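Some notes on the structure that comes next.
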Amino acid sequence: MERIAVYGSTDYRGPVPAPGSHLAFNRQYRDNVNRIKTVLHDLAAGRKLEVAQMETVFDSAFTQVKDNYRLMETINEMKKADEYTYTHGLNISLYGGLIARWMGLSENEIKNVIQAGVLHDIGKAKIPPQILNKKGPLLPEEREQVKKHAALGYNLVHVHQAFVKT
């Protein structure tokens, strides 16, 4: 097994990035967070899942995983607790895509990992915000609501052919 540095070292695989490439990554990341935020707000308001917006996020995340030299450092620098709900799925997709790339998975398999990362918590859009953002411990009935987010997410995405893989 070959060692790959993740934090604090410049011992990365791949070509050295062009100067300023981190700025483009940051802009692309923010755009993706805003797309996810819009989709989750729409779902919470009872609107339909915007498949095209999600596919834009998947494609963009794949490009970021494929092309960014310091992906993990950049993600860690950009974390904000107040945007956790919107950034978590994107971060999971980027980490998962990076690991899938390191494992030598095919481009299609990497894209599937990215898609799963973005969508894994989408059902939380149907959980009341006062429960999701609660500072203290959840009451038993609130915990039961949060536990339903996976089934709620499945119900949101399974009807879309774009997300169904054979």
ask   = Would you say L138 is surrounded by 11 or more Cβ atoms within 10 Å (Cβ to Cβ), modelled with pLDDT of 90 or more and not in a helix (DSSP H, G or I)?
value = yes
ask   = For the stretch 1-23, does any single residue satisfy the condition of being in a helix (DSSP H, G or I) and modelled with pLDDT of 90 or more?
value = no
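Scanning the stretch 82-99 for residues that are among the aliphatic types (A, V, I, L, M) and closer than 20 Å to I122 by Cβ, which turns out modelled with the lowest pLDDT?
Result: L90.
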remark   = Reported set for the stretch 108-165 where residues are charged (D, E, K, R) and farther than 22 Å from D59 by Cα is K124, K126, K134, K135, E141, E142, R143, E144, K147, K148
ask   = Could you give every pair whose Cβ atoms fall below 9 Å, whose first residue belongs to the stretch 34-63 and is of a type in the set (D, E, K, R), and whose second residue is loosely packed, with under 13 Cβ neighbours inside 10 Å and assigned to a loop (DSSP other than H, G, I, E, B), counting only separations of at least 6 or pairs across chains?
value = D42/K48
query = In this structure, is E73 modelled with pLDDT under 80 and surrounded by fewer than 19 Cβ atoms within 10 Å (Cβ to Cβ)?
reply = yes
remark   = Within the stretch 95-122, residues being charged (D, E, K, R) and either crowded, with 17+ Cβ neighbours inside 10 Å or under 28 Å from K147 (Cβ atoms) (or both) number 3
inquiry  = When you scan the stretch 38-56, do you find a residue that is surrounded by 12 or more Cβ atoms within 10 Å (Cβ to Cβ), farther than 27 Å from V146 by Cα and either at pLDDT 70 or above or among the polar types (S, T, N, Q) (or both), even just one?
reply    = yes
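The values are calculated or read from the model by the stated rules, or taken from the named source; none is laboratory data. Being a predicted model, the structure only gives us computed values, none of them experimental. Heads up, the Cβs are rebuilt from the backbone with ideal geometry, glycines too, and the neighbour counts pull from every protein chain shown.
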